[in-house]
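Working notes, beginning with the structure itself.
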Amino acid sequence: MADNPLSNYFRRPSIYITLPSKGKFYPEGALELTENEELPVYPMTAVDEITYRTPDALFNGTSITEVIQSCMPSIKDAWAIPSIDLDTILSAIRIATYGHTLEIGTTCPKCEEEAEYGVDLRKIIEQLDIGEYDSSINSGDLEIHIKPLTYKDINESSLVQFEEQKIASVLEDTEMSEEEKLKLLSKTFKKISEVTITTISKSIEYIKTPETMVSDSEQINEFLHNCERSVFETIKNKVLTLRSNSELKPLHIKCMECENEYEQPFTLDMSNFFG
């Protein structure tokens, strides 16, 4: 095929970023890291915007992975992105496409004044903390190393939570007998417990014993099902703490009407982040 004379007018990288993970936790082939660890970020195309607005693809995460791989071609498998990189990547793509300011709606809890607040996504990226994933948990002879969940893990967990919410709404059905509700509730709690254990097991990179090192996911899952409750709680609390430390911090806002200062939770909602 002949070279397209319009190729010089194709999109170019708008910004370059360094991933918080520095490329760690990616499986082989999922990331093409440069020597200086800076990755180019391209603005979205019209096709990317259409893809991102497809409801089914957005719900199952497919649209997000396609847009990420389009705008950041150095990422070969967006499903494998560790959670500690996700907010940086999404912010970078929005900056490359629309600029660094994100307008969000806010309501003062004191005077109830509604206003638009401009968030500088560059500062959001600078403030992100990935947590101390290099540290380990020691429990007796065991040395347990934690890793961040992948985007695939997060998406699968979200889909399960969505199904559980639907079940909760069914429980409010007045036409269902109490016996049927109890059976459904018992089934739901069991499923939630299984999802919790599975999520924790996916957060474990490996476990070292005095004799060997175990990284097999099925063996780790079996261990979590059969270890002492205190051991499981220690691991779960560590995982939750690391996840909390890497989450976006609330925004500090001063009301323009009454000058009241307050904090507002801030998340990058993937369903409307690029709207």
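Using a simple spin-label model with pseudo-atoms 7 Å out from Cα toward Cβ, residue 122 and residue 205 lie 3.2 nm apart.
Extension gain for the segment residue 254 to residue 178, taken as residue separation times 0.36 nm less the Cα-Cα distance, is 22.5 nm to one decimal. About its Cα centre, the chain has a charge dipole of approximately 360 debye under the convention of +1 per Lys or Arg Cβ and -1 per Asp or Glu Cβ, with nothing else charged. The residue 101 and residue 28 beta-carbon pair, evaluated with R₀ = 45 Å, returns a calculated FRET efficiency of approximately 0.75. Short-range pairs are left out: with C-alpha atoms under 8 Å and at least six residues apart, the relative contact order of the chain is 16 percent.
With the simple model of a label 7 Å out from the Cα in the direction of the Cβ, residue 9 to residue 229 spans 6.9 nm.
Taking the fewest neighbouring Cβ atoms within 10 Å as the starting point, the ordered list for 216, 3, 77, 85 is 3, 216, 77, 85.
With each label modelled as a point 7 angstrom along the Cα→C-beta vector, the residue 54-residue 194 pair spans 3.0 nm.
Once you have a ≥ b ≥ c as the square roots of the Cα gyration tensor eigenvalues for segment 1-99, tell me rounded if a/c is under 1.5, and otherwise prolate or oblate according to whether a/b is larger than b/c. Taking the square roots of the gyration eigenvalues as a ≥ b ≥ c, segment 1-99 is oblate.
Once a ≥ b ≥ c are taken as the square roots of the eigenvalues of the Cα gyration tensor of the chain, is the result rounded (a/c under 1.5), prolate (a/b larger than b/c) or oblate (a/b not larger than b/c)?
Details: a/c = 1.59, a/b = 1.22, b/c = 1.30.
Because a/c hits 1.5 or more and a/b fails to exceed b/c, the chain counts as oblate.
Using r as the Cβ-Cβ distance of residue 222 and residue 141, and R0 as 22 Å, what FRET efficiency do you calculate, to the nearest 0.05? Here the calculated transfer efficiency is 0.80.
Read-outs: derived from the displayed coordinates by stated rules, not from any lab. Given the structure is predicted, the values throughout are model-derived calculations rather than measurements. Neighbour counts are summed over all protein chains in view; Cβ atoms, including those assigned to glycine, are modelled from backbone coordinates with ideal geometry.
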